[in-house]
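Read-outs throughout are calculated quantities, based only on the coordinates presented, and are distinct from any laboratory measurement. All values derive from a computational prediction rather than experimental measurement. Cβ sites come from the backbone with ideal geometry, for glycine too, and all protein chains shown count toward neighbours.
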Amino acid sequence: MDSQNERLRELIARNWGYTTLRPLQQEAIDAELSGRDSLVVLPTGGGKSLCYQAPALVSGKTTVVVSPLVSLMKDQVDSLRTTGVNALQLDSMQSDSQLRDARAAILRSEVPLLYVSPTRLLSSSFQSLLQKIPIGSFVIDEAHCISHWGHDFWPEYRQLSRIKEIFPGVALHAYTATATERVRQDIIAQLGLTDPAVLVGRFDRPNLVYRIIPRRESLSQILTVLGRHQGEAGIIYCIRKKDVDELTDALQAKGVRALPYHAGLSRESRRDAQEKFAQEECDVIVATIAFGMGIDRSNVRFVLHSAMPKSVEHYQQETGRAGRDGLEAECAMLYSGSDGILWRSIFEKGAAERATGESLAPMLSHLADIDRFCRGAVCRHRVLSEYFDQTLPPGPCGACDLCLGETTAVADALIIAQKILSCVARVKGGFGINHIIDVLRGGDTERVRKFRHNELSTYGLLKMHSKSEIRDWIYQLLSQDLLAQETGEFPVLRLTELSWDAMKGTVPITLIEVSRKTESRAESVSWEGVDRGLFEHLRSLRRDLAASRGVPPFVIFSDTTLRQMATVRPSSLDGMHRISGIGEVKLRDFGQGFLSAISSYSDERGLTRDQRAASTAKSAPRPTPQKSSSEKIRAAELFRRGATIEEVAGQTGRSRSWAWETLAACVESDSMPSIAPWVHDQTVNRVREAVGRVGQERLKPLYLDLEESVPYDEIRVVLAFLARE
Ligand code: ADP
Ligand code: ZN
């Protein structure tokens, strides 16, 4: 096994140009190599494909990959072929002669990776073809499509349960990014996996910055977000087709290269939009949720929800399409309390049309979950992880509106909360949010008069605040369980045990200001050292090459690779080869072209060459207490011996920011006696004083209070150190 693994590592370096593996890739590869069934759950961008593609090349047999969409297969096959791998696909769009050629190549055992649709796989002609060749294993991509409990149920996938009957001796590997336990169990049962290795990765995506912004003037807020991403790729999700059309028109009128995508458009216009987006001829797709399954563009820099999606799973999946290359990306949502009501009416209408008497309960409970998520005042990364039963190390994440300090805490939160809670207590139950707001604002409504609520002591207590402000606070109290909402035909508010503690003033309460600043994130590390002009220059070269080969640009090189080129500016093919993501075939095919482009650009501007590569910023996953994380253990050992950040990054093959984050985790959990080797004593004292002034809930205020002189990484380590005191 060891020598086989070594060979595989060499092969990955040679073909893909990757010298390190991502979390769980090794374990997934081991299952492939040893022929043990497996279920691999890795988040979008986690690197699932490499896990089965690389082993397929050493097996000497054909690995059959089942994928739901022709476009998904095409992207994979294009990518592999550009890497020098003879992959093929069989789909319904191919001509007879193409099919004949493909069959011949398969019979000659020249095809290590064969992509097929589920229907094709189980057709009798294909079965008889498969009987004639040695099959390495079956791989089911997007395996959650087999489950009713998933959110993308694909009826054709159900038939895949027959694979084990027909090919009992061949290993079966299921891959998905969908996380819930129920779906996982269903996949194992449906496919009949035998004693599978179940590998579940971390769902947190540290490179995504989450922001939830109260929706006021939708269009101008959308343009503000777009302004942060000029010329970059993004997806804007809307609830209804009509919203898609209107928004696309408005954006086009402002000169944005945007295209619409929804089920009401013709198949051609949808395909056209998808292709233009993949080819980088269009920057922004405005879509209903139908868009995304077939899209593999890895450099999507933002996903904007113009309204709340209908479940946390959808949110996770849709935002997951951003930043698959591991570079930072923004996920912004414009939220309004009315979004839930709109969804509800859509569900009801759909159910009435289908007239199957189905229960709306599961959908409504998903809706309640996402609503609570949006209103919350707790770190977005943390809440999302917890939703999927995973935990994050303590401390601010540095990548959500709340932790970045873009929201401001309300100074007299306790008093405001007490006013709201006593109002709920005084009306004695049975009233919903709107009525409570009316009473608190001293409104003169029919209901107020009817129930004589104008005589309550809480009447008019929050007169000076707007309706929407009070509504947001109520939502925040709900998210902290300081108040509860009973769902029924009319949702009503009621007190909880915690409410009484809050009224007594014995629990801490945070409320956040709703008028949020929408500043962009502090200079993002992933652009460190990158010459942006050169990056754009290389991007256009990549676009031309892609067009001439008829493949999407990311198939040529990922943005990560281009940014490294624009940082290092190699002066030789050798230097080029050292950049991550450039294997031998790509070096041969594109190396010289990119080298010349870098030369002429650098010469014109007098730029020095062969610079050191900066870290790939946020691309490294957050350190976790995961057992399998051998790099983390190694890093901890090194730190204990006083190794520097650079040394640890070098020896583990991870980025500097990963090393810093790991250091913070070690300091906190492994009781490192001192942080003197990494942070100056004076800095520790300064941070301690700053904490005294502005608290430690959020990083940004600390950073600003320290006059931007202490990097975030160091602040995090000091906080971890102080947490132990
Ligand atoms: P998934 O299918 O899990 O969403 P992909 O297989 O598309 O993810 O991989 C996401 C990106 O990460 C791709 O650009 C891929 O080439 C890259 N990648 C995969 N494995 C590695 C690795 N070990 N090192 C660097 N990049 C990797
Ligand atoms: Zn956070």
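Look at the alpha carbon pairs under 8 Å that are at least 6 residues apart: their mean separation over the length of the chain gives a relative contact order of 12 percent.
Backbone amide hydrogens, once placed in the peptide plane, bring residue 336 within less than 5 Å of 215, 308, excluding anything fewer than 5 places away on its chain. Between residue 647 and residue 507, the modelled label-to-label distance comes to 4.8 nm, taking each label 7 Å out from Cα in the direction of the beta carbon. Per-residue Karplus couplings for segment 8-14, computed as 6.51 cos²θ - 1.76 cosθ + 1.60 with θ equal to phi - 60°, are listed in order as 5, 4, 4, 5, 5, 5, 5 Hz, Gly and Pro entered as x.
Peptides 102-113, 186-197 ranked from most to least packed by the mean count of surrounding Cβ atoms within 10 Å: 186-197, 102-113. Classified by the C-alpha gyration tensor, segment 21-74 has an oblate form. Its axis ratio a/c, with a ≥ b ≥ c, is 1.5 or above, and a/b does not exceed b/c. All Cα-Cα distances of the chain, cut into 10 Å bins from zero to the largest, leave 3, 13, 22, 25, 20, 11, 5, 1, 0 percent in each bin in turn. Charging the Cβ of each Asp and Glu at -1 and of each Lys and Arg at +1, and nothing else, the dipole of the chain about its Cα centre rounds to 580 debye. Both numbers refer to the Cα atoms of segment 1-147; Rg and Dmax are 15.0, 44 Å. The relative contact order of segment 1-151, computed from alpha carbon pairs under 8 Å that lie at least 6 residues apart in sequence, is 27 percent. If the segment from residue 584 to residue 132 were pulled out straight at 0.36 nm per residue, it would be longer than the present Cα-Cα gap by 159.5 nm. With the largest listed first and rounded to whole Å, the semi-axes of the equivalent ellipsoid of segment 71-197 from the Cα gyration tensor are 26, 17, 14. Modelling each spin label as a point 7 Å along the Cα-to-Cβ direction, I'd like the residue 2/residue 409 distance in nm, to one decimal. So the label points at residue 2 and residue 409 sit 5.4 nm apart. Calculated on the Cα set of segment 133-227, radius of gyration then Dmax: 19.3, 61 Å.
Answer rounded, prolate or oblate for segment 286-420, using the Cα gyration tensor with square roots of eigenvalues a ≥ b ≥ c: rounded when a/c is under 1.5, else prolate when a/b is larger than b/c, else oblate. Judged from the Cα gyration tensor, segment 286-420 comes out oblate (a/c at least 1.5, b/c at or above a/b). State, as an integer percentage, the relative contact order of segment 361-505 based on alpha-carbon contacts under 8 Å between residues 6 or more apart. Computed value for segment 361-505: 25 percent relative contact order. Ranking 490, 571, 550 by Cα position along the charge dipole of the chain, where only Lys, Arg, Asp and Glu carry charges on their C-beta atoms, puts 490 farthest toward the positive end.
Ranked by the mean number of other Cβ atoms within 10 Å of their residues, highest first, the peptides 712-718, 57-63, 219-225 come out as 712-718, 57-63, 219-225.
A full extension of the chain between residue 674 and residue 19 corresponds to an added length of 232.5 nm, given 0.36 nm per residue minus the alpha carbon distance.
Here residue 586 is the anchor, and the lysines within straight C-alpha reach of less than 28 Å, apart from those fewer than 8 places off in the same chain, are 48, 61, 74, 276, 618.
Above 13 Å lies some portion of the pair distances; for segment 281-345, what is it as a whole percent of all C-alpha pairs? The share of Cα pairs beyond 13 Å in segment 281-345 comes to 66 percent. Straight-line reach from residue 467: taking Cα to Cα under 28 Å and skipping same-chain neighbours fewer than 8 places apart, the lysines in range are 310, 419, 428, 450, 504, 517. Think of segment 185-299 as a dipole: +1 on every Lys or Arg Cβ, -1 on every Asp or Glu Cβ, centred on the Cα centre; then among 299, 236, 198, 236 lies furthest on the positive end.
Taking Cα atoms only, the orientation of helix 559-568 departs from the longest principal axis of the chain by about 80 degrees. Take 638-644, 327-333 and order them by the average number of nearby Cβ atoms within 10 Å per residue, most first; the result is 327-333, 638-644.
Computed as a quarter of the hull surface, the mean projected area of the alpha carbon convex hull for segment 341-490 stands at 11.5 nm². In the chain, taking the dipole from charged Cβ atoms about the Cα centre, the farthest positive-side position among 642, 76, 148 is held by 148. Using the alpha-carbon positions of segment 660-724, Rg (one decimal) and Dmax (whole number) come out as 10.8, 30 Å. Each label point was placed 7 Å from the Cα along the Cα-to-Cβ direction; for residue 450 and residue 98 their separation is 6.6 nm. Checking the a/c ratio against 1.5 first, then a/b against b/c, what shape does the Cα gyration tensor give for segment 538-578? The shape class here is prolate.
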